[in-house]
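Values in this text are rule-based calculations from the coordinates and carry no lab data. Keep in mind that this is a model prediction, so the values were computed, not measured. FYI the Cβ positions are ideal-geometry reconstructions off the backbone, even for glycines, and counts take in every protein chain you see.
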Amino acid sequence: MHYLGIDVSKSESRLVILDDQGEKFSKAFTLQNDRSSFQRLLERLKELNISKEALLIGIEATAIWWEKLCSFLTDA
């Protein structure tokens with residue numbers, strides 16, 4: 001199991017992936033809050049061999065800015 005933590009702000013989101021021991025699985029990274037960046041997140045997860053079945057996502061619901069990312073990930 002892996003855990004993806006997402007801290008959302010108006011223009012970008014900061015993300016970190018942890019392994020099942022709570023250790024960083026990869027270096028934390030930042031993405032812009034747009035569809036092409038969301039797609040790059042999926043590609044990064046694929047490169048790290050993290051399947052959606054083995055991933056739990058926690059997202060900070062800041063104002064309305066989390067909604068596009070949450071909808072994108074839910075659809076994916």
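Have a look at 4, 31 and point out the one that is without any contact (Cβ under 8 Å) to a residue 40 or more places away in the chain and under 17 Å from residue 66 (Cβ atoms). Only one candidate qualifies: 31. Scan the stretch 50-76 for residues that are closer than 14 Å to residue 9 by Cβ and aliphatic (A, V, I, L, M) and the total you get is 5. Among the criteria (1) over 19 Å from residue 10 (Cβ atoms); (2) touching a residue at least 40 places away in the same chain (Cβ under 8 Å), the one residue 47 does not fulfil is (2).
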